[in-house]
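One structure below.
Laboratory data are not the source of any read-out in this text; all were calculated from the coordinates shown. Note that the structure is a prediction, hence the values are computed from the model and not measured. Quick reminder, even Gly has a Cβ in these numbers, built from the backbone with ideal geometry, and neighbours come from all protein chains shown.
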Amino acid sequence: MTDSKLQEYAAAFRESGGYLNFASYGPPSRQVEETSAELLRTAAGGAVGASEQLHLQDLRARQAFSRLSGFPLDRVGLLPYTSLGLFQVAFGIRAGTVLVGAGEFPANLYPWLRATGLGLGAVHRLGEPGDRVTVELVEQALTSDTVALAVSAVDFRTGYRADLAGLREVLGPDRLLVVDGIQGFGAVDLDWAVADALVVGGQKWIRGGWGPAPWPSRRPGSRGSVRC
């Protein structure tokens, strides 16, 4: 990106100098602010065609996420928040064991525990809190009953970046790779499309404000058993 493009990008934001809390919330751009306000005015006006105009924004968001993630458009959906997408995936796995890091963020742990509590499979927690979810750790935990791995692309405590391509390879084609990408999507360059399900929120590094949680799932050729 050229210096002029970087300056143009930076000028689109107006957060206070020294703001560093992007891992929690990335203040949206002026364009996001203005578009959101305009769409709210459209909704409040309730004119003929307002509903169609608003629903077109769903398509725009899905198209943008498809370009950024590498997932085909027909495999991208929108949810109000990240944990709902993880719950949907968790409740779609009917049997078998799901591997989850012992120190996972609650949003990527409780869905699996709740599903297990309803008799939908089992959870095996990897390592100890603070351990990195590495290819080696996952490989040692694999059994014939393992059906999926749920992992954060970037660990919320340490900033460790998971080797998604390596995890995909060690899991093989018949196990699911479920990725919570909220702490990395928009900030790190990873091969997102190796996941079977990727869930991210729009309020952090994407800087799209609260609400949009893109949910692409099922990479082409996947033979997993998610039923949602």
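Numbers for the structure displayed
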quantity: With Cα atoms, 0 to 90° folded angle of helix 82-92 axis to the chain main axis; calculated: 40
quantity: Charge dipole (debye, nearest 20) of the chain; +1 at Cβ of Lys and Arg, -1 at Cβ of Asp and Glu; calculated: 440
quantity: Efficiency of FRET between GLU136 and ARG161 - r from beta-carbon atoms, R0 22 angstrom, step 0.05; calculated: 0.90
quantity: Cα-based helix-to-principal-axis angle, 30-45 vs the chain, degrees rounded to 10; calculated: 80
quantity: Backbone HN-Hα couplings from phi across region 63-79 [Karplus 6.51/-1.76/1.60, Hz, Gly and Pro as x]; calculated: 4, 4, 5, 4, 5, 6, 8, x, 7, x, 4, 6, 10, 10, x, 10, 10
quantity: The chain - Rg and Dmax from Cα coordinates, angstrom; calculated: 18.8, 60
quantity: Pairwise label distance in nanometres, GLU52 with SER144, each label 7 Å out on the Cα-Cβ vector; calculated: 5.8
quantity: Span per principal axis, largest first, for the Cα atoms of region 1-54 (Å); calculated: 43, 27, 16
